[in-house]
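The structure under discussion appears below in the form of structure tokens.
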Amino acid sequence: MAQNQKELKEQLEVELKELRFTGQDSVLRRTHPQTWRDRLLILWNKELELPLLPLGMTAALLLTLVAVGRMDARDGNTMAVQDRRELVEVAGNIYWKEDYEKAVGLR
């Protein structure tokens, strides 16, 4: 078995004799950064995997909450205005007080 491994190793060396690895400096710089620039490049080259379904559902939920909040705020303002208005009964009819005063010319 040792003889077989030696033969395979020799055959591999013969086949790879023509090949030379020239990117050794680049690989070492990426695997063992020494300067702040090399460290920054490592951070910059990180791959992010973002799951689309949870992100999409979260965005839809936030948009819905914002829309409902705006509708509630708008309804709250109109209710506050209506709470301050008074109803007046004149000749069997009911009017908003400010509308009646405008129509009659009291204001």
For this session: Consider only pairs whose beta carbons are under 6 Å apart and that are at least six residues apart or on different chains; among these, list those whose first residue lies in the stretch 78-89 and is over 12 Å from residue 101 (Cα atoms) and whose second residue is at pLDDT 65 or above and surrounded by 10 or more Cβ atoms within 10 Å (Cβ to Cβ).
Result: 85/96
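Of everything in the stretch 6-60, what is touching a helix residue (DSSP H, G or I) at 6+ places or on another chain (Cβ under 7 Å), of a type outside the set (A, V, I, L, M, F, W, C) and either assigned to a helix (DSSP H, G or I) or touching a residue at least 60 places away in the same chain (Cβ under 8 Å) (or both)? Give them in sequence order. Give the derivation first.
To start, the set of residues in the stretch 6-60 that are touching a helix residue (DSSP H, G or I) at 6+ places or on another chain (Cβ under 7 Å) comprises 29-30, 33, 38, 42.
So of that shortlist, the ones also of a type outside the set (A, V, I, L, M, F, W, C) come out as 29-30, 33, 38.
Scanning the stretch 6-60 gives 29, 30, 38.
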For this session: Give 45, 4 a once-over and let me know the one that is among the polar types (S, T, N, Q), modelled with pLDDT under 85 and at negative phi.
Result: 45
Seminar exercise, completed: Reported set for the stretch 49-107 where residues are at pLDDT 85 or above and in contact with a Phe, Trp or Tyr (Cβ under 6 Å, 6 or more places away or on another chain) is 88
Exercise. Residue 3 passes all but one of (1) assigned to a helix (DSSP H, G or I); (2) surrounded by 10 or more Cβ atoms within 10 Å (Cβ to Cβ); (3) of a type outside the set (Asp, Glu); (4) out of contact with any Asp or Glu (no Cβ under 8 Å at 6 or more places or on another chain); which number fails?
Worked result: (2)
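The values are calculated or read from the model by the stated rules, or taken from the named source; none is laboratory data. Note that this is a predicted model, so its numbers are computed, not measured. Counting neighbours? That spans all protein chains shown, and the Cβs are built from the backbone with ideal geometry, glycine included.
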